[in-house]
Amino acid sequence: MDENEWRDRAECRGLDNAMFFPLSDDPSATRPAKKVCATCPVQDDCLSFALETGQPAGIWGGLAPSERRRLLLRLYKQGWSRSQLPSAAQLGRMQQQTWEPEAS
């Protein structure tokens, strides 16, 4: 898949961007976007993009900024670095096994 081809297949494509950039990380504010992300076929690619590019705001790959920061800290503790993060497929497997995002 082309580096940004995943965007064409994203469930959020064409939806109101404001939903994915709530004013807070509060679960009630992030819930609508996370519901869309939960059914998205490119959720892992989206999360990988956000981690690789250091997206500071918004819901990416189903995670809010604070959740992405915690995930990055966990990855760094496991020996990963910003220059070499897990692939989208690896992130997906890791999330299924061990990552518990904030309750929504």
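Here are the numbers for this structure:
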| quantity | calculated |
| --- | --- |
| Search result, residues across segment 23-78 that are surrounded by 13 or more Cβ atoms within 10 Å (Cβ to Cβ), in contact with a Lys or Arg (Cβ under 9 Å, 6 or more places away or on another chain) and in a loop (DSSP other than H, G, I, E, B) | CYS40, VAL42, GLN55, ILE59, GLY61, GLY62, ALA64 |
| PRO41 closer than 24 Å to PRO86 by Cα and either in contact (Cβ under 8 Å) with a residue 60 or more places away in the chain or not acidic (Asp, Glu) (or both) | yes |
| Selection status of THR39, among the β-branched types (Val, Ile, Thr) and in contact with a Ser or Thr (Cβ under 7 Å, 6 or more places away or on another chain) | no |
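Where a number appears in this text, it was derived from the coordinates with a stated rule and is not lab data. Everything quoted here is computed from the prediction, not taken from an experiment. Using ideal geometry, Cβ is built from the backbone for each residue, glycine included, and neighbour counts are taken over all protein chains shown.
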